[in-house]
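Beneath this line is the structure, given in C-alpha cells, with notes to follow.
The values are calculated or read from the model by the stated rules, or taken from the named source; none is laboratory data. Remember, predicted model here, so these are calculated numbers, not experimental data. Glycine gets a Cβ as well: all are built from the backbone with ideal geometry, and neighbour counts include every protein chain shown. Quick note on the areas: whole protein, heavy atoms, side chains included, nothing else; ligands and nucleic acids left out. Shrake-Rupley method; radii C 1.70, N 1.55, O 1.52, S 1.80 Å.
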Amino acid sequence: MTSKLTAVPVGSFLVNEVISSSEIKFSLIVPTYNESKNLAKLVDILTRLLNDYHGDRYELIIVDDDSPDLTWQVGLELMPNYPHLKIMRRQGEKGLSTAVIRGWQTSQGEVLGVIDGDLQHPPETLIKMLDAIAAGADLTVASRHVEGGGVSDWGFIRRVLSRGAQMLGLLILPNVIGRVSDPMSGYFMVRRSAIANHAMNPLGYKILIEVLGRGDIGTVTEVGYVFQERQEGESKVTWRQYVDYILHLLRLRSRGRISKIRQKFQIPVQRFLSYGLVGLSGVFVDMSIFYLLGKLGWGLTSSKIISSEVAVLNNFLWNDLWTFRDISSRQIGWKKLVKRFLKFNIICLIGIGLNLIILNFLYNYFKIDKNLANLIAIAIVTIWNFWFNLKLSWRVTQTK
Ligand code: GDD
Ligand code: MN
C-alpha cells in the first residue's frame, strides 16, 4: 500500500493520507464480533449495492476481533466469490471503535465508512449517504432522529437511556455532540481528508464522537434511517459501554478547555473518578460490616473502628489495583505495598479529623444545616484525601 507514514503519539491512532491517487473511492468497514450468522447475507447485499454505485472502485473490509464463533473464517470462505471483500482478523486488540480505525488505517478509499455487521443498519441507506458525500459533505451520518428515521420497537427504558446519554453528551461536550441529531450513530461516512493525520484515541463504542471531536469536519449532513431489530446473534452492549462513553466524553472535553486548566493544576480527571467510585464502594463495605457487628452485639465504637478499617483496606486495595495501578506497578515488593498502605491509613485518619473540624466549623460558626455541612465536609475531605494520597501514598520515587 502506498501511504505516507507519520509518527504516531503513543496510544493514538492515525489514519494516513493516501498520496498515490488510488483507484478506490470508498472503503466500508464492518466491525464484527460473533456475527457469523449475519455475515454472508450482509456481504451479499452490500456487494450488490456498491457494485451498482461504484463499480470496481470500492472495498469492503471486515474487522473481526478473533470472534469465538469464527466470523473471520466465514469471511475468508466468502472471499473467492466477492473480490472486493477483505478480512482483518485482529488478535491482541479489542473494541468496536479501535476496530473501525484499524480498518480505515488499512484502507485506501477517499471516503471512509462504517456500518454494523448485524443488519440493524439498513444497507440501502448507504446510497443516500454516498450521494450526500458526492454533493460535498465532509461527514454524513445515518440518524434515527431526523425525518425518515426511527427505531423499530424499543421499550421506554431503552429510549430513555439512549436520549439520556445524548443529553449527558450535550452537557459535557456541547460543541461536538450538538453538531448531529444522532451522535450515538455507528453508521456514517467521512472524507479521508477530514480525519487524516488527526491523532485519534477512541474509547468504547462511539467512534462518531471521536471523528467529530478530533477531525476537521466542515459540512455535516444527515440521512434518516430506521434502526432494525436484530435477527441473528446478540448485542454486545453492557454497562461497560455506558461507563466508557462517559469517560470518552470527558477525555474529549479535556482536550480543549480543561486541558489548559489541567496542565496548570494537573487535575487527573479520570483518576479522580476512579478514586470516587472506590470511595463509594468503601461506604458500602463500612455500612455492611457496621451492621453485621451490631447484629453480633458489638458496641458502637468498636464496631465503627473495625468497619472503617476494613473499608480503608478495601479502598486501598482497589486504588492500588485500579486507580493508581500504573504507579503501583512500578513499586514492586511487599515492603513498598505495606508502606503505601500505612501512608494511606494515616491520610485517611487525618481526613477523619479534618472532616470533624470542617463539620463543626460549618455547623457552629456558619449555622449551615447539619447534613448539608456533613456533605460539604465529605466533599472537601474526599478531594483532600485524593490529593494527598496521589502525592504521598502513590508517589513515584525514581530510585533504582
Ligand atoms: N471488531 C469488533 N470488536 N466489533 C464489535 C465489537 C468489538 O469489540 N463490539 C461490537 N462489535 C460489532 C458488532 O458485531 C456489530 O457488528 C456492531 O459492532 C455493533 O454492535 P452491537 O452490539 O450490535 O451494538 P448495538 O446494536 O447495541 O449498538 C449500536 O448502537 C447504535 C445506535 O445507538 C452501535 O453499535 C451503533 O453502531 C448504532 O448505530
Ligand atoms: Mn447491533
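Would a scan of region 290-297 turn up a residue that is in contact with a helix residue (DSSP H, G or I) (Cβ under 7 Å, 6 or more places away or on another chain) and closer than 24 Å to Gln270 by Cβ? Before you say what the answer is, go through the steps one by one.
First, pick out the residues of region 290-297 that are in contact with a helix residue (DSSP H, G or I) (Cβ under 7 Å, 6 or more places away or on another chain): 290, 293-294.
If we keep only those that are closer than 24 Å to Gln270 by Cβ as well, we get none.
No, every residue in region 290-297 fails to be in contact with a helix residue (DSSP H, G or I) (Cβ under 7 Å, 6 or more places away or on another chain) and closer than 24 Å to Gln270 by Cβ.
Determine, yes or no, whether Asn175 is in a loop (DSSP other than H, G, I, E, B), surrounded by fewer than 17 Cβ atoms within 10 Å (Cβ to Cβ), within 22 Å of the chain's Cα centre (by Cα) and away from ligand 2 (no atom under 16 Å from the Cβ). Step through it out loud before you land on a result.
Working: in a loop (DSSP other than H, G, I, E, B): no; surrounded by fewer than 17 Cβ atoms within 10 Å (Cβ to Cβ): yes; within 22 Å of the chain's Cα centre (by Cα): yes; away from ligand 2 (no atom under 16 Å from the Cβ): yes.
Judged against the criteria, Asn175 is not a match.
Return the only residue of Tyr225, Tyr205 being within 14 Å of the chain's Cα centre (by Cα), among the aromatic types (Phe, Trp, Tyr), under 16 Å from Val141 (Cα atoms) and within 11 Å of ligand 1 (Cβ to nearest atom). Give the derivation first.
Details: Tyr225 fails: within 14 Å of the chain's Cα centre (by Cα).
Exactly one of Tyr225, Tyr205 is within 14 Å of the chain's Cα centre (by Cα), among the aromatic types (Phe, Trp, Tyr), under 16 Å from Val141 (Cα atoms) and within 11 Å of ligand 1 (Cβ to nearest atom), namely Tyr205.
Restricting attention to region 235-255, and to residues there that are hydroxyl-bearing (Ser, Thr, Tyr) and not in a helix (DSSP H, G or I), which single residue is nearest to ligand 1 (Cβ to nearest atom)? Before you say what the answer is, go through the steps one by one.
The first filter runs over region 235-255 and keeps only residues hydroxyl-bearing (Ser, Thr, Tyr), leaving 235, 238, 242, 245, 254.
Restricting the remaining residues to those that are not in a helix (DSSP H, G or I) gives 235, 238.
Values: Ser235: 4, Thr238: 9 Å.
Per the stated criteria, the residue is Ser235.
When you go through Ile306, Ile289, Ile258, Ile327 one by one, which is the residue that is outside the structural domain of Ala165 (by TED's automatic domain parsing), at pLDDT below 90 and among the aliphatic types (A, V, I, L, M)?
Checking each option against the conditions leaves just Ile327.
Within the set of pairs 6+ apart or on separate chains, which have a first residue in region 114-138 that is at pLDDT 95 or above, a second that is more than 16 Å from ligand 1 (Cβ to nearest atom) and polar (S, T, N, Q), and C-beta atoms under 7 Å apart?
As it stands, the answer is Ala132/Thr221; Gly136/Thr219; Ala137/Thr219; Ala137/Thr221; Asp138/Thr219, since those pairs meet every condition given.
Can you tell me which residue within region 100-122, out of those that are in a helix (DSSP H, G or I) and more than 10 Å from ligand 1 (Cβ to nearest atom), is farthest from Glu23 (Cα to Cα)?
Within region 100-122, the subset in a helix (DSSP H, G or I) is 100-106.
When the remaining residues are screened for being more than 10 Å from ligand 1 (Cβ to nearest atom), the result is 101, 104-106.
Values: Ile101: 21, Trp104: 16, Gln105: 16, Thr106: 15 Å.
Per the stated criteria, the residue is Ile101.
Give the number of residues within region 79-95 that are of a type outside the set (D, E, K, R), modelled with pLDDT of 95 or more and closer than 16 Å to Asn34 by Cα.
Total meeting the criteria: 2.
From the list Ser152, Ser97, Ser143, which one is surrounded by fewer than 20 Cβ atoms within 10 Å (Cβ to Cβ) and within 15 Å of ligand 1 (Cβ to nearest atom)?
Working: Ser97 fails: surrounded by fewer than 20 Cβ atoms within 10 Å (Cβ to Cβ); Ser143 fails: surrounded by fewer than 20 Cβ atoms within 10 Å (Cβ to Cβ).
Going through Ser152, Ser97, Ser143 in turn, just one is surrounded by fewer than 20 Cβ atoms within 10 Å (Cβ to Cβ) and within 15 Å of ligand 1 (Cβ to nearest atom): Ser152.
Can you run down the residue pairs with Cβ atoms below 7 Å, 6 or more apart or on separate chains, where the first is in region 236-262 and open to solvent by 40 Å² or more (accessible area, probe 1.4 Å) and the partner is modelled with pLDDT of 85 or more and of a type in the set (Ser, Thr, Tyr)?
Filtered contacts from region 236-262: Lys236/Tyr33.
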